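Notes follow once the structure below has been shown.
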Amino acid sequence: QVQLVESGGGLVQPGGSLRLSCAASGSTVSIYGMDWYRQAPGKQRELVATITSGGSTNYADSVKGRFTISRDNGKNTLYLRMNSLKPEDTAVYYCKLNFPRHSVWGQGTQVTVSS
């Protein structure tokens, strides 16, 4: 049974930075694509960034140039480095692992950007 556990969220001032982690257990995840999503209050969950097994990345326009997705296959961990944070980045952030026939989600970590 694969489990994903996010960490690294918290309260940060506008312009600040955070690094989110998503640790996987129960399976080696290096051969699968993974994503970061976020969901703000009253809004639909949205895709933030993706990374393939080969390391190719894509980003939502709203975070391009500010966020960086990466993975450490030796640690079975996915990361999201977030710089120049804005109040509109406030949301619960989720990681997702994409198996061929199904996906697995983490439980989420809260990021709040406020002065």
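Bear in mind that the values in this text are calculations on the coordinates, not laboratory data. Quick caveat: nothing in here was measured; it's all calculated off a predicted structure. When we count neighbours, we look across all protein chains shown, and the Cβ atoms used for this are built from the backbone with ideal geometry, even at glycine.
Every pair of different Cα atoms in the chain enters the Kirkwood calculation, which places the hydrodynamic radius at 14.1 Å. Max-minus-min Cα coordinates of the range 42-82 on each principal axis give 36, 21, 17 Å, with the largest extent listed first. Other residues within the sphere of radius under 13 Å centred on the Cβ of Tyr32, judged by their own Cβ, net out at +2 (K and R +1, D and E -1).
Magnitude of the charge dipole for the chain, about its Cα centre and with charges confined to Cβ atoms of Lys, Arg (+1) and Asp, Glu (-1), is about 60 debye.
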